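The values are calculated or read from the model by the stated rules, or taken from the named source; none is laboratory data. Computed from a prediction, not measured in an experiment: that's the story for all the values here. When we count neighbours, we look across all protein chains shown, and the Cβ atoms used for this are built from the backbone with ideal geometry, even at glycine. The accessibility values were calculated without ligands, DNA or RNA, using every heavy atom of the protein model including side chains. Shrake-Rupley method; radii C 1.70, N 1.55, O 1.52, S 1.80 Å.
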Amino acid sequence: MNKWHVLIPTIMSGLVVAGCEGDSPQTSTPAATPPATQPTTQPSGRSIPANWIATFEHETMQEAISVVIVDGVAVVSDPKAGAIHLFSLNGQRIGVWSPRNETVALERPMHVAADKQGRLYVADYGSDQILLFAGDGSLVMSFGGSGSDEGRFDAPAGVAVGGDGSIYVADFNNQRIQRFDAEGRFVRRWGRKGHELGEFYYPTDVAVGPEDRVYVADAYNHRVQVFTPDGKFVTAWGRQGSGRGEFDVAIGLGVDSQGRVFVADQFNHRIQVFDRQGEFLGSWGEHGREPGQFDRPSDITFDDAGLIYVADFGNARVQVFSVQ
């Protein structure tokens, strides 16, 4: 039996997805001034021939905000249910788990990531922690806790693991990125609330690409920002809109082995693809329930065969594509 085929009872939990109570970012937020480093020429955009392969869904899955492939299993976070759903790569649902005991409470799991050992990192928006689970579902470690001091979080939304084991966290309400070593010890932080380069307006996801570049979904600034592992600004692209290279809440992203950056353009209900310099390569998707359509897509990941998995948040499912 695959080590991720673990069943733990589901615990229900609510979630305000797009912000914090009392200070929720709105989709009508004015767009940030386009960064000077974004492409200056209008890209010759095109629709990508994205071939729909399969849909993973189940009646108990209420939301699908993030997906990652771990040891041949699609692991899907469901913040509304406070659960993690497991699917085989042929689309068969394996089970669901949601640990809650004296040492860990999986409350509102947001973006998830995996390391080279096949362990699962969960950004738990509800408990203000990063939780690391082994393949058998046991808790390896947790770190964080509520607050704004170094190493603490206010609604962590995204997590990624670098090639050296460094852990990067999108600290949503604290408007910053934090970096930790492989043992969960604080290393550094960067960013603050704002619209200038290097500032954030509710960062929701983070990914590590080739050369250990750190990509941040700067959601309500409607852009992607790129940094070195030490937090030095490299480049940025995007602004609010529905055109090519524009976003209406850039909520999630994934970087493939070729360095292409796939961005979940939430309220434009599409996936956009860029090269590592931010040049637009293409897009696919529209609002709807049919195969190939989305309702607020929120994350992208890849398997070893090159297939692309999209967390179709509002439709409570994961869709699988092959893309040329």
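Restricting attention to region 230-246, the residues that are part of a loop (DSSP other than H, G, I, E, B) and more than 18 Å from the chain's Cα centre (by Cα) total 10. Scanning region 227-273 for residues that are over 25 Å from D304 (Cβ atoms) and among the aliphatic types (A, V, I, L, M), we see that the one that is most open to solvent (accessible area, probe 1.4 Å) is V234.
Would you say A316 is within 22 Å of M110 (Cβ to Cβ), out of contact with any Phe, Trp or Tyr (no Cβ under 6 Å at 6 or more places or on another chain) and open to solvent by less than 20 Å² (accessible area, probe 1.4 Å)? It is true that A316 is within 22 Å of M110 (Cβ to Cβ), out of contact with any Phe, Trp or Tyr (no Cβ under 6 Å at 6 or more places or on another chain) and open to solvent by less than 20 Å² (accessible area, probe 1.4 Å). Kindly check whether there is at least one residue in region 275-290 that is of a type in the set (S, T, Y) and open to solvent by less than 10 Å² (accessible area, probe 1.4 Å). No, that holds for no residue. Pairs linking a residue in region 297-312 that is on the phi > 0 side of the Ramachandran plot to a residue that is hydroxyl-bearing (S, T, Y) and part of a strand (DSSP E or B), with Cβ atoms under 9 Å and 6 or more positions apart or on different chains, are G306/S322. Evaluation of D303 against the conditions (1) surrounded by fewer than 18 Cβ atoms within 10 Å (Cβ to Cβ); (2) within 21 Å of N51 (Cα to Cα); (3) more than 18 Å from the chain's Cα centre (by Cα) shows that the sole unmet condition is (3).
Being within 14 Å of G252 (Cα to Cα) and of a type in the set (F, W, Y) is the filter here; which residues of region 298-324 pass it? Hits for region 298-324 are F302, Y309, F313.
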